[in-house]
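The values are calculated or read from the model by the stated rules, or taken from the named source; none is laboratory data. As the structure is a prediction and not an experimental result, all values here were calculated from the model. Here Cβ is always computed from backbone atoms with ideal geometry, including for glycine, and neighbour counts include all displayed protein chains.
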2 protein chains.
Amino acid sequence: MKQKKITIKEVAQIANVSKGTVSRVLNNEAGVGDANRERIQKIMKDLNFEPNEIARGLASRRTGNIGFIIPHEAGYYLSNNYWPILLSAITKQAAQKEYHVLLSTPQVEGKIDDAYKRILKGKRVDGLIIGSELLSLKQLDFLHHQAVPFVLVGKHSHVQNNFVDIDNRGAMISLTEHVISMGAKKILFIAGPRDYPSVQERIQGFEDCVEKYQLPHTQICHSYYDVPIVDNLIHDYIITKGKPDAIISGAGDFVIQIIEACKKQKLRIPQDLHFASFDFFKYFSMMSPAITSIAQPLEEVGITAFSMLINLIKKSSQSPQPPQILPCRLIKGESCGENSSEPFNKP
Amino acid sequence: MKQKKITIKEVAQIANVSKGTVSRVLNNEAGVGDANRERIQKIMKDLNFEPNEIARGLASRRTGNIGFIIPHEAGYYLSNNYWPILLSAITKQAAQKEYHVLLSTPQVEGKIDDAYKRILKGKRVDGLIIGSELLSLKQLDFLHHQAVPFVLVGKHSHVQNNFVDIDNRGAMISLTEHVISMGAKKILFIAGPRDYPSVQERIQGFEDCVEKYQLPHTQICHSYYDVPIVDNLIHDYIITKGKPDAIISGAGDFVIQIIEACKKQKLRIPQDLHFASFDFFKYFSMMSPAITSIAQPLEEVGITAFSMLINLIKKSSQSPQPPQILPCRLIKGESCGENSSEPFNKP
DNA sequence: TTGAAAGCGCTACCAT
DNA sequence: ATGGTAGCGCTTTCAA
């Protein structure tokens with residue numbers, strides 16, 4: 001039953017060559033006669049030889065693994081689609097290049113240190129892809145000190161190169177302009193937590209529009225991602241400024257709650273209120289009205305991050321890779337009255 | 001900047017002992033004097049010594065990695081919460097026991113073979129946790145042939161031991177009984193694809209209730225998970241049997257579509273129709289009405305699967321672990337009219 | 001083009 | 001309780 005594992009040594013004996021020669025064939029290196037090469041390849045195939053990656057790793061100091069650090073505790077990062085999709089994109093990409101992915105996340109929200117230490121311990125990975133959120137200077141220092149190649153997903157104030165991000169500002173502009181083009185003026189923008197660079201950029205995009213189109217009764221407010229407080233925010237707006245004629249959600253996480261809150265406030269979407277959201281979840285298109293939203297190119301983000309990392313790993317030069325900012329896509333639904341013939345009925 | 005990596009050899013030299021002794025300290029093995037042990041521990045700490053896991057792996061033929069095989073292509077397995085939550089539970093558990101998790105999924109739905117081969121290639125993992133769905137006999141054979149310890153999540157017709165599952169049948173009974181207790185009689189049960197054991201079990205649970213409570217106008221139908229065809233199913237029921245007074249969804253994946261379909265059919269939940277679903281998604285509780293549903297103990301499934309696997313890995317005896325069937329929890333919402341004072345208004 | 005041998009950093013066994 | 005040494009399975013010089 002238990003098949004005896006065959007090693008490079010056996011292959012060498014059978015082929016009547018040295019281990020070194022077999023190794024060269026295995027790694028497609030020059031320095032082996034064509035006849036020998038083919039003969040050895042055949043023998044390897046016949047024997048069903050699979051090189052021991054651990055041993056290869058020890059000898060060549062590469063592991064064939066990359067690490068992916070999601071800077072949030074599991075219960076949190078699973079509440080939306082962002083991280084899982086990114087993970088799958090990276091895993092997919094890695095598999096194609098014969099890499100494996102080691103996932104590392106903090107056990108407790110906020111304690112990212114474990115995640116770094118755990119995965120870096122013992123040289124298990126050749127490089128790292130890291131979600132830039134919450135990355136502290138201390139951790140950044142630690143990474144440099146460990147001399148491990150890494151790529152960030154998302155901007156970071158102290159990192160100029162080797163990162164991928166989406167065009168938050170541009171996407172927010174196109175979303176807001178769309179909402180405005182549908183007739184809305186009193187827009188409530190519910191953004192994520194202040195300290196995220198992505199949130200700042202989305203706010204900038206929103207403010208660009210407010211200024212350009214001269215909208216006086218807009219408002220920006222903040223909610224946590226994990227524990228949305230949407231109800232109060234909408235209520236507050238109504239108290240101070242009356243009913244809004246549009247709400248833009250700064251993240252997909254808020255959508256369900258916003259819709260529920262609107263029901264409570266007797267605000268019908270899209271008749272009384274336009275609604276649009278950053279992020280695109282699969283079910284947005286299945287709802288009625290379908291939610292107008294911004295789809296992030298997460299697949300591309302994963303692909304780009306991975307190939308950047310491979311470049312860093314390959315070139316021992318470690319020449320910094322220029323940042324990549326990827327565009328998002330506006331997905332028009334019906335939640336801003338896109339398919340209603342009647343003009344927007346202002347309150 | 002680049003810190004020179006400390007090895008066991010340096011530690012040994014500084015401590016004036018042999019590598020073997022240091023190794024014993026490192027692995028908490030007996031055979032070292034207390035004084036020496038403490039002294040060596042201190043030196044290791046001072047030097048910030050981190051053993052090279054690859055080398056350890058090569059010498060001891062263990063890797064400290066376990067593999068998790070999700071038998072679906074990424075776009076699919078991310079469409080619900082099940083796999084991501086399971087993944088996170090396993091990762092969490094693994095981290096606590098100083099293990100890392102290698103994720104492997106098929107690139108193309110259905111082609112699970114890659115996933116197995118890729119992760120088993122080159123002895124990268126000490127054991128495997130595998131989603132039992134779609135696991136073929138050929139693959140099962142391959143696994144045995146590779147002599148790698150593995151644990152299944154979910155039942156499999158040819159596996160008697162070393163698996164964890166939830167009590168699908170029992171959970172379905174409690175869900176159905178709840179729906180019935182709220183007054184429903186004409187129940188449409190929308191189940192997943194026929195060939196899943198879990199679907200079969202849920203159907204059994206449903207049928208148990210149909211028999212016990214003598215309900216004539218029930219119906220069981222099937223939808224794919226990835227491409228739900230809910231609309232037609234509901235339409236068909238109405239054509240043949242008139243409007244149902246309850247719909248039970250066999251999986252969380254169908255919920256949004258069912259709700260939308262009901263809107264179209266002018267069936268108000270819960271006034272005209274009771275609704276309940278297997279699976280619990282976070283947003284079920286945020287909707288109005290809140291969806292009555294069955295929460296799977298995914299965290300416990302992950303914990304159990306992992307500890308089973310560790311047992312298999314540790315005991316070279318490979319003594320089979322008895323299967324574990326975990327109970328689910330009924331979460332009462334409002335979608336079956338739980339909080340309405342008026343009696344159920346039958347059409 | 002090829003072989004021989006010296007590691008990679010650790011574990012494991014056999015002496016002492 | 002300790003040291004010495006032979007691997008683990010491969011890569012990587014350096015000679016030939």
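Can you tell me which residues in segment A:234-268 are more than 13 Å from chain B (Cβ to nearest Cβ) and either surrounded by 21 or more Cβ atoms within 10 Å (Cβ to Cβ) or in contact with a Leu (Cβ under 6 Å, 6 or more places away or on another chain) (or both)? Of everything in segment A:234-268, those that are more than 13 Å from chain B (Cβ to nearest Cβ) and either surrounded by 21 or more Cβ atoms within 10 Å (Cβ to Cβ) or in contact with a Leu (Cβ under 6 Å, 6 or more places away or on another chain) (or both) turn out to be A:I234, A:Y237, A:P244, A:D245, A:A246, A:I247, A:I248, A:S249, A:G250, A:A251, A:L267. Answer yes or no: is there a residue in segment B:251-259 that is acidic (D, E) and touching a residue at least 40 places away in the same chain (Cβ under 8 Å). Yes, some residue in segment B:251-259 is acidic (D, E) and touching a residue at least 40 places away in the same chain (Cβ under 8 Å).
Okay, residues lined up against (1) farther than 29 Å from A:D279 by Cβ; (2) touching a strand residue (DSSP E or B) at 6+ places or on another chain (Cβ under 6 Å):
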site	(1), (2)
A:A115	no, yes
A:K123	yes, no
A:E133	no, no
A:Q160	no, no
A:D165	no, yes
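Residues of segment A:260-310 that are hydroxyl-bearing (S, T, Y) and farther than 22 Å from A:G127 by Cβ: A:S277, A:Y283, A:S285, A:S288, A:T292, A:S293.
When B:L309, B:L326, B:L330 are checked against the criterion of being within 21 Å of B:G67 (Cβ to Cβ) and either at pLDDT 85 or above or of a type in the set (G, A, S) (or both), a single residue qualifies: B:L309.
A count restricted to segment B:23-45 and to residues that are within 7 Å of DNA strand C (Cβ to nearest atom), away from chain A (no Cβ under 14 Å) and of a type in the set (A, V, I, L, M, F, W, C) stands at 0.
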